[in-house]
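Heads up, the thing below is written out as structure tokens.
The values are calculated or read from the model by the stated rules, or taken from the named source; none is laboratory data. Everything quoted here is computed from the prediction, not taken from an experiment. Please note: Cβ atoms are built from the backbone with ideal geometry, for glycine as well, and neighbour counts cover all protein chains shown. Just so you know, the surface numbers come from the protein's heavy atoms only, side chains and all, with ligands and any DNA or RNA stripped out. Shrake-Rupley method; radii C 1.70, N 1.55, O 1.52, S 1.80 Å.
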Amino acid sequence: MADGCACDGHAQMYLSVDDALKRGLSVADPLVDTETLPLTQAIGRVLAEDCKSKVDMPAFDNSAMDGYAVCTRDLGEGPVFQLPVAGRMAAGDCGDHDAPEGSALRIFTGAPVPPDFDAVLMQEDCDFLINCIQFSRRPKPGQHIRRAGEDLCVGGPILRRGCEIGPREMAALASAGYGRVVVYRKLKVTIFSTGSELRQPGDPLGPGQIYNSNRYTLLALLQKPWIDLTDRGSVEDDPARLEKVLREACETSDLIVTTGGVSVGDEDHMPRLFTEIGGETDVMKVAMKPGKPIMFGRRASALYIGLPGNPVSAYVTWQIIGSQMMARRAGLDHSPQIPVQAVLAEPLRRRAGRQEYRPVQVDGNSSSGLPRLRLMAPSYSGRVALLAQADGLAIIPAEVEELPEGHMLELLRF
Ligand code: AMP
Ligand code: MG
């Protein structure tokens, strides 16, 4: 067997999932165009620059507690300490005070700690007498003070280019002083489903017709702030019509994702049409189940991913290969989901040859605390309702033919 390829009982050679993914990533050139946006408009976008802090974090010494700032050198021997309280410092105050030496300062969380104070006492640890506090535990120098720059100094790294700006990234950018950020422009994506049998949900079905589900799966998968999506609905298996839509999509998009029509039937027009309009096809067959007919290719700057028509195959091939190609194309520094270990709750028998992503349900935990997997029907590539009832996909390596109950498998949880 050639390196990285597998046979599926036929003479045709297939690329392994890993090799297909490697090739897919190698043809998905990241965007280079960027735009600068106010931070509020950058939510969910892809950062296009490494960001360093513009300020020290925190910017000044400040109190981590509501209580009293003291100078530990002013304290006597104990066991009980008493200090007059002179002055008050709240968050937002400038830090100036006129408390004489030997006195405490009433202070609140986030307020600047003036340089002549070196510890903060929690108010719960003090008794407040008339204009003075009394406490019995000697504070340590530095106690409950957040020091300037202890989190990060000016120029300290905040975020790397390629991250998706989510809530945590927004917080980091805001605290680091970024009013505007440089992000990649939105990725222009066009989708359409191929198939003369497809009808939109809600319309009546005629003989031989089915509802288009892939369109809705893709709409849900591609709902991202960094995507500018054009939805061309469904296109019947008419070569002239398909060619027109595919050509237009290639001329206006960074990425085109279609479903159906990539296999070897007479009505599978996409591979030929893509070549006819000048596209270069990179991969046609991948040794994966479900989904071996998947194609991707390039035409000028447009990247084309042709997913299989069977709804489960379309979903799985998108999750395993397509989504990663898209992420790279959009400039994302994206790492694939890491599978978790799980155990089979029942024995497995199947035909070896293709790496399989089998829909499974999680049935509690094993004695070692790992999820126990119940396998869903072995023939499932068109059974989309089953996918909605699954908890994840178990990864069955290509060479596996049977496995006993209790055997470990990797699980990609939904
Ligand atoms: P194809 O890959 O075009 O040969 O389609 C394989 C199977 O998937 C056929 O049974 C199609 O009817 C079905 N199919 C194709 N596209 C869709 C779609 N958008 N929604 C639901 N089923 C589809
Ligand atoms: Mg079709």
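Of all the strands (runs of 3 or more DSSP E) wholly in region 135-241, which have at least 2 residues that are within 16 Å of ligand 2 (Cβ to nearest atom) and buried (at least 17 other Cβ atoms within 10 Å of the Cβ)?
It comes to 187-194, 227-235.
Answer with yes or no whether Ser136 is closer than 26 Å to Ser175 by Cβ, in contact (Cβ under 8 Å) with a residue 24 or more places away in the chain and hydroxyl-bearing (Ser, Thr, Tyr).
So Ser136 fails the test.
I want to confirm something. Restricting to region 106-134 and keeping residues that are acidic (Asp, Glu) and outside any strand (DSSP E or B), which single residue is nearest to Met57 (Cα to Cα)?
This residue is Asp118.
Is it the case that some residue within region 315-337 is within 16 Å of Ile396 (Cα to Cα) and touching a Ser or Thr at 6+ places or on another chain (Cβ under 6 Å)?
For region 315-337, residues within 16 Å of Ile396 (Cα to Cα) and touching a Ser or Thr at 6+ places or on another chain (Cβ under 6 Å): absent.
Restrict the check to region 102-110 and report whether at least one residue is crowded, with 20+ Cβ neighbours inside 10 Å, closer than 18 Å to Ser136 by Cβ and more than 44 Å from the chain's Cα centre (by Cα).
yes
Considering each of Glu243, Glu236, Glu124, Glu169 in turn, give the residue that is in contact with a Cys (Cβ under 7 Å, 6 or more places away or on another chain) and modelled with pLDDT of 95 or more.
Exactly one of Glu243, Glu236, Glu124, Glu169 is in contact with a Cys (Cβ under 7 Å, 6 or more places away or on another chain) and modelled with pLDDT of 95 or more, namely Glu169.
If I ask for residues that are over 12 Å from Ser193 (Cβ atoms) and in contact (Cβ under 8 Å) with a residue 40 or more places away in the chain, which ones from region 228-241 would you list?
The answer is Asp228, Leu229, Thr230, Asp238.
With respect to the numbered conditions (1) in contact with a His (Cβ under 9 Å, 6 or more places away or on another chain); (2) open to solvent by 20 Å² or more (accessible area, probe 1.4 Å); (3) within 16 Å of ligand 2 (Cβ to nearest atom), which one is the sole condition not fulfilled by Ser323?
It fails just one condition, (3).
Show me the strands (runs of 3 or more DSSP E) entirely contained within region 277-343 in which 2 or more residues are modelled with pLDDT under 95 and among the β-branched types (Val, Ile, Thr).
Ranges flagged: 280-285.
Of all the residues that make up region 251-267, how many are modelled with pLDDT of 95 or more, within 9 Å of ligand 1 (Cβ to nearest atom) and of a type in the set (Ser, Thr, Tyr)?
1
List the number of the failed condition for Gly95; all other conditions in (1) more than 39 Å from the chain's Cα centre (by Cα); (2) modelled with pLDDT of 95 or more; (3) surrounded by 13 or more Cβ atoms within 10 Å (Cβ to Cβ) hold.
All conditions pass for Gly95, except number (2).
Quick one: in region 336-346, of everything that is out of contact with any helix residue (DSSP H, G or I) (no Cβ under 9 Å at 6 or more places or on another chain) and not acidic (Asp, Glu), which residue is nearest to Gly166 (Cα to Cα)?
Result: Ile338.
Considering only residues of region 242-271 that are open to solvent by less than 60 Å² (accessible area, probe 1.4 Å), more than 10 Å from ligand 2 (Cβ to nearest atom) and in a helix (DSSP H, G or I), which is farthest from Gly195 (Cα to Cα)?
Within region 242-271, the match that is farthest from Gly195 (Cα to Cα) is Cys250.
Taking region 282-307 on its own, how many of its residues are open to solvent by 10 Å² or more (accessible area, probe 1.4 Å) and either acidic (Asp, Glu) or within 24 Å of the chain's Cα centre (by Cα) (or both)?
1
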